[in-house]
Amino acid sequence: MRLNDPGNPAFWLLGSFLAIVLGTNIAYLLFRRKVGEPEARRGPMAALGWTALGLFYLLVPFLAMQRGIVSPYALGLTEINWPATLSTGLALAAGVVVIALFGWLLYRRTLPEGEPSAALDRLVDALRGPATAILDQWHWAFYRAAAAAVVAALAAANLPAPVARLVDKLQADPLYWGAWLGIALAGIEWALDPFGRAAVRVDRERAAALRRASLAIATTGLFVLTRNLWLCLAAHVVVETLAATWFALPAQRAPEAG
């Protein structure tokens, strides 16, 4: 259970967490003067940052799965009881979509209509929304699976009696408790991301950040009940696709001269 052992799931979980927290904070120190500029969100540096983070989200879970640190089952990819999960899972997934979109539409109605967005901006949003949903779900699935592996591995650790009793309770269902511990760590990771905190201070970015947080919790609940990442992924992609296309935010009004 040494933290510097690449065979320890905690090495991968905490390593990913620290790499993202340090990376985002260093990037913010380098580019914080441009964070508040409206065009910064669509500029080349923003695209480069999104791409780098996306590659990290994609590659780390694949490498961990290849080394046997996390299993496809714990990720929610395999050994799915489709008849059982679809009998209730589809209804639950539909509920997640409806509630998320309902909250989004309520927020959208509070914003004034502005000038139509440029076609390129609409295309970027339509593509980036679903792509971000896929990356987020894969990242969260990795944290859930890695946290479950950590809980299971603690059985071999020499722990103090009070901690050992708590671990025994967690090990009754490590995938359940790992799911919530993993998504809690993802929440802490986001809270330590200065770009995320900066987005919350912008009216038009705040709702998207809150939607992402609510979907993280809702789809983790869906995963706990179904053990099916595909359902979580489908629900998240549908919400982000509709939010970016049919129910996109009205464009901002151009500032008046003078």
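Out of curiosity, is Asn8 modelled with pLDDT under 95, of a type outside the set (A, V, I, L, M, F, W, C) and open to solvent by less than 70 Å² (accessible area, probe 1.4 Å)? For Asn8, the condition - modelled with pLDDT under 95, of a type outside the set (A, V, I, L, M, F, W, C) and open to solvent by less than 70 Å² (accessible area, probe 1.4 Å) - is met. Pairs meeting the criteria (first residue in the stretch 177-198 and hydrophobic (A, V, I, L, M, F, W, C), second residue in a loop (DSSP other than H, G, I, E, B) and modelled with pLDDT under 95, beta carbons under 8 Å, at least 6 apart or on different chains) are Ala198/Gly36. For the stretch 1-20, the set of residues classified as farther than 20 Å from Phe62 by Cα and touching a residue at least 12 places away in the same chain (Cβ under 8 Å) consists of Met1 only. Taking the criterion of being at pLDDT below 65 and open to solvent by 50 Å² or more (accessible area, probe 1.4 Å), the residues of the stretch 16-43 that qualify are Arg33, Lys34, Gly36, Glu37, Pro38, Glu39, Arg41, Arg42. So is Ile188 exposed (fewer than 15 other Cβ atoms within 10 Å of the Cβ), within 26 Å of the chain's Cα centre (by Cα) and modelled with pLDDT of 90 or more or not? Answer is yes for this residue. No other residue among Leu123, Leu101, Leu106 is within 18 Å of the chain's Cα centre (by Cα) and either modelled with pLDDT of 85 or more or open to solvent by 30 Å² or more (accessible area, probe 1.4 Å) (or both) apart from Leu101.
The values are calculated or read from the model by the stated rules, or taken from the named source; none is laboratory data. On a predicted model such as this, the values are computed, not experimentally measured, just so you know. Cβ atoms come from the backbone with ideal geometry, glycine included; neighbour counts cover every protein chain shown. Each accessible area value is taken on the protein alone, full model and side chains, heavy atoms only, with ligands, DNA and RNA left out. Shrake-Rupley method; radii C 1.70, N 1.55, O 1.52, S 1.80 Å.
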